[in-house]
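Here's the structure, in C-alpha cells; my notes come after.
The values are calculated or read from the model by the stated rules, or taken from the named source; none is laboratory data. Note that this is a predicted model, so its numbers are computed, not measured. Positions of Cβ are generated from backbone atoms using ideal geometry, with glycine treated the same way; all protein chains shown enter the neighbour counts. All accessible areas refer to the heavy atoms of the entire protein, side chains included, with ligands and DNA or RNA removed. Shrake-Rupley method; radii C 1.70, N 1.55, O 1.52, S 1.80 Å.
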Amino acid sequence: MKRWGAPLAVRTRLTLWYTAILFVMLLVVSVLSYSRLRWTIMQDLDTSLLTVAQVIHDTGYPGSDLAAGPETALRQILGPEFYDKFFQLVDPEGRPGARSTQLRDRALPLSAAARANAARGVRMFETVRLATGEWVRLLTLPITRRGQLTHLVQVGIPLERTERTLARYLESLLVLVPLGLVLAAAGGVIIARAGLQPVDAMSRMARRITTGEDLAQRIVPRGTGDELDHLAETLNAMLARLEGLFAQMRRFAADAAHELRTPLTVLKGEIEVALRAERSTEEYRRVLASSLEEVERLTRLAEDLLLLSRFAARMPPPRSRVELDSLLVDAFDVGVRLGQAQGVAVRLGEVCPAAVEGDAAALRRAIVNLVDNAVKYTPGGKVELSLGCADGRASIVVSDTGIGIDPADAQRVFEPFVRLDTRTQEAGGAGLGLAIARSIVRAHGGTISVESSLGAGSTFTIRLPLA
Ligand code: ADP
C-alpha cells in the first residue's frame, strides 16, 4: 500500500508530466481546430449568401417576372446553390415585399444596424434568431439604382445543419482527446518502465551487496554508451574503490592484531618463565623491567593507532594559527638530540616565516616522525631540515644522506605497518610513523611525498596551504 504523501515513483511522475503536457497540447489543438472549422464554415455560408444576393441584385429581381413563383427564376440560375436558402425584399422604409414561399408569412427581421448600414450602401452579415426560435445567418444587401437606395435584399440560411456539423465535430473531439490521452499514458507507462528497467536492475544489485565480499560484484553495462551506462560505470568505479578500502581496512586490522600479539607473547613468556620457580629479587626486577618495556611498546602502539584512526577519519583538526618556523626549530632540536646519540649531523637550512591553520601538536608530530626516520636510517650521515614558502604553500623538507628507499617502494612506505626489508627491523618502529604523518598532513589539506633512491638518501616533503 502506498502511503499518502509518499514521493511518487519516477515512472509515475514522468507519465503524469507528459500526459499533462499532451493534454494541454490536445486542448490547444482542439480549440484552434474547432474555431478554425467554425470560421471556415461561416465564411462559406457568407460567400454563398452573397452569391445569391448578388444574383438577385444583378437580375434586377424586383422588376422580373414573379408569375412562376419568386424562387423559380433564382433556382434556374443558381441550381443547388439556392437550396435551403430563402430571401426577402424590403423597401427602404423597411416594408417587406416579395419573399420566398418557404418563408410563408414569416418575415425576416431587419435590424436597425443592418438598415443603417444599408442606408450607407454597406452590406451586413449577422446571425439572428427567428420568431420560431430558429437560428439563421442573414445577409442584408442594399440595391441602388442611379445612386438611389431602392430595395434591400435579405438572404438567409438556417444554421441548424452547420450547428449539427460543429456539434458532431465537438463530440468526436470529446471522445478522441480522452482516448488519445489514455493511450498516451499507457504507452508512457510502458516506455518509462522499459527505460528505467536498467535502473531497477542496478538498485536490485546494490541491495544484494550486504557483506564485504559482495563488493567484488559489478554491474554489467549494456554497452549502449548512454547515461545509464555512465551511471553503471560510476557505480562500478565506486564499488572498486570501496572494495579497495575494505581490503585495506581488513589488512590494517590483521596487521594491528599481529603487531599487538608480538609484545604480548613476549610479555606472557617472560612472566611465565619468572613464575615457574622461585627467583631472586634481582631476577624479578629484570623481568619486571623488561615487561615494562613491552608494556611501553604496547602503549605507544595503542596511542599510534588511536592517532592514526583519529586523523584517518578526517576529523577536522582543532583550528588555530600554527607558526611553522618555530615548529621546525623545535623538531630540529629533537633531531639534534637524536642525532647525537646516533652520530648523525643534523642541520637547519633555509627557514622562511610561515603560518598555517591547524593542530600544532599534530603537525609537530608529523615533522618529528620524518626527522626521527631520517636520523634512524642515516647512520653516520647528514640530515637537513628546511622550510620554504612559495605559491601560497609552505614546504617542509627533511632530507638525509642515508640508506634511501627503492623508488618502487616509495608510495608503499606511507601505508600503515609497512617496514621495508630487514635492514631496518632492529630500528624498532611499528611502521606507523609515515602513515600517521600522512593522515595528519591530509587532514590539514596538504600533501606528503618522498624522493629517494637506494643508497643515495631520501628527501621527504610536506606541503601545506599557508594561512
Ligand atoms: P617505522 O616505524 O618503521 O620507521 P615508518 O612508517 O616511519 O615506520 O616508515 C616506514 C618504512 O619506510 C620504514 O620502515 C623504512 O623502511 C622506510 N623509511 C622511512 N623513512 C626512511 C628514510 N628517511 N630513509 C630510508 N628509509 C626510510
Relative contact order in percent for the chain (Cα pairs under 8 Å, 6+ apart) equals 10 percent
Exposed chymotrypsin sites (Phe, Trp or Tyr not before Pro) being those in a DSSP loop with at most 13 other Cβ atoms within 10 Å, the longest stretch of the chain free of them is 84-467
Quick P(r) readout (the range 318-465; Cα-Cα; 10 Å bins; whole %) gives 12, 45, 35, 8, 0
Trypsin sites (Lys or Arg not before Pro) in the range 82-133 lying in a DSSP loop, each with at most 10 other Cβ atoms within 10 Å of its Cβ, come to 104, 120
Residue-normalised value, i.e. accessible area per residue, for the chain at 1.4 Å probe, in Å², stands at 58 Å²
Computed on Cα atoms, the radius of gyration and Dmax of the range 227-309 in angstrom are 22.5, 79
Rounded to 0.05, the calculated FRET efficiency for the beta carbons of residue 330 and residue 453 at R₀ = 35 Å is 0.70
Taking every DSSP bridge whose two residues both lie in the chain, the antiparallel percent to the nearest 5 is 90 percent
Checking the range 254-337 for GluC sites (Glu not before Pro) in a loop per DSSP with at most 13 other beta-carbon atoms within 10 Å yields 278
Note to self: Kirkwood Rh of the chain, Cα pairs, one decimal, Å, is 33.2 Å
Full extension between residue 169 and residue 235 adds, at 0.36 nm per residue less the Cα distance, a length in nm of 18.3 nm
If one compares the long axis through the Cα atoms of helix 360-376 with the longest principal axis of the Cα atoms of the chain, the angle in degrees, nearest 10, works out at 50 degrees
So the carbon and sulfur contribution to the accessible area of the chain, 1.4 Å probe, in percent, is 60 percent
Inverse of <1/r> over all distinct C-alpha pairs of the range 170-266, i.e. the Kirkwood Rh in Å, gives 17.8 Å
